[in-house]
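What follows is a single structure, written as C-alpha cells, with notes after it.
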Amino acid sequence: MNKKIIIPNAITGLSLISGLTALHFTFENNFILAAWLIAFSMLCDGLDGKIARLLNAQSRFGAQFDTLSDFVAFGVVPGFMVYRYKLSELSTIGIIVAAFYVFAGSYRLVRFTLKNHHDNHKKQPFIGLPIPAGAGIIASFIIFDNYQNLSARFFLITTFFAGLLMISQIEYLPLEKGKKMYTIYCVSCHG
C-alpha cells in the first residue's frame with residue numbers, strides 16, 4: 001500500500017470533520033462560525049486533490065472518501081444550516097427548498113463520479129456547479145447577512161438557484177495553469 005495516500009485522505013477527513021463541526025454549531029445557532037467552517041472545508045477540499053496529484057497518491061478509496069465527505073460537508077450541512085438559519089421561517093416551502101438543495105448536491109456528485117470513472121484520463125469541463133461552490137454561496141450569504149439583513153425569501157431563492165445550477169447542464173471549464181479564474185460558458189440547458 002502506498003503510504004503517501006494517508007496525507008490527502010487526512011486532509012479529506014479534516015474537511016469532513018470541519019463540516020460536522022459546522023453542523024454542531026448550526027444546532028447551537030452559531031451560524032457565522034458554522035459558515036466559516038464550511039469555508040475551511042472548501043479550502044481542505046481544494047487541497048486534498050492537489051496534494052494527491054503532487055504526491056502521485058491518487059486512489060479509488062480517496063476518490064470515494066472525497067465524494068462522501070463532499071456530500072456531508074457541502075450538501076447535508078449547508079442544506080440544514082440554511083434551513084435553520086432562515087428557511088424555517090417559510091414553513092413547508094423552506095423544507096422543500098432545503099431538501100432540493102441536498103438532492104441537487106447528491107445528484108451533482110454522482111454525475112461527476114460516474115463521468116470521472118469513465119473519462120479519468122481526459123481533462124473535461126465540469127457539468128453543473130460543483131457542490132463546494134453551492135455550499136460557498138450559502139455560507140457566503142450567511143456571513144454577509146451578519147452585516148446586511150437579508151430576507152428569508154432571498155435565502156429561499158438563492159438556495160433554490162444554487163441547487164438548480166448544480167443539476168444544470170452548464171459547463172465550467174477546468175482551471176488551466178496560468179489562469180486566475182474559471183471560464184464559464186453555457187451549453188444547451190436541455191440535457
Item to complete: Would you calculate a helix-derived [θ] at 222 nm for the chain, using -39,500 (n - 2.57) for each DSSP H run of n ≥ 4 and dividing by the full residue count, to the nearest 500?
Response: -22000 deg cm²/dmol
Practice prompt. Kindly rank 151-160, 35-44, 51-60 from highest to lowest mean number of other beta carbons found within 10 Å of each residue.
Written response: 35-44, 151-160, 51-60
Worksheet item: About the Cα centre of the chain, what is the dipole size in debye to 20, counting +1 per Lys and Arg Cβ and -1 per Asp and Glu Cβ, all else neutral?
Response: 600
Fill in: Long-range lysine pairs (8 or more apart or interchain), the chain, Cα under 27 Å
24
Worksheet item: When ligands, DNA and RNA are left out and all protein chains stay put, how many square angstrom of accessible area per residue does the range 38-141 have with a 1.4 Å probe?
Response: 51
Worksheet item: Helix 131-145 versus the longest principal axis of the chain: what angle, 0 to 90°, nearest 10, using Cα atoms?
Response: 40
Worksheet entry | Degrees, to the nearest 10: 152-167 long Cα axis against longest axis of the chain | 20
Worksheet item: Taking the Cα-to-Cβ direction at ASN30 and at ILE143 and moving 7 Å from each Cα, how far apart do the two end points lie in nm?
Response: 1.7
Discussion item. Running a GNM on the chain with Cα contacts under 10 Å, which residue among GLN64, GLN169, GLN148 ends up with the highest mean-square fluctuation?
Written reply: GLN148
Discussion item. Just to be sure I understand the model, the point goes 7 Å from the Cα along the line to the Cβ. What's the resulting LEU54 to SER88 distance in nm?
Written reply: 4.0
Item to complete: May I ask for the angle, rounded to the nearest 10°, between helix 6-27 and the longest principal axis of the chain, with both axes built from Cα atoms and the value confined to 0 to 90°?
Response: 10
Item to complete: Of the options PHE25, ALA139, MET166, report the single residue whose Cα projects farthest towards the positive end of the charge dipole of the chain (beta-carbon charges: Lys, Arg +1; Asp, Glu -1).
Response: MET166
Worksheet item: Gaussian network model of the chain, Cα springs within a sub-10 Å range: biggest mean-square fluctuation belongs to which of ASP70, ASP145, ASP48?
Response: ASP145
Fill in: Fraction of accessible area attributable to carbon and sulfur, the chain (%, probe 1.4 Å)
66
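The values are calculated or read from the model by the stated rules, or taken from the named source; none is laboratory data. What you see is a predicted model, and the numbers here were worked out from it, not measured in a lab. A quick note on method: Cβ atoms are made from the backbone with ideal geometry, for glycine too, and the neighbour counts reach across all protein chains shown. All accessible areas refer to the heavy atoms of the entire protein, side chains included, with ligands and DNA or RNA removed. Shrake-Rupley method; radii C 1.70, N 1.55, O 1.52, S 1.80 Å.
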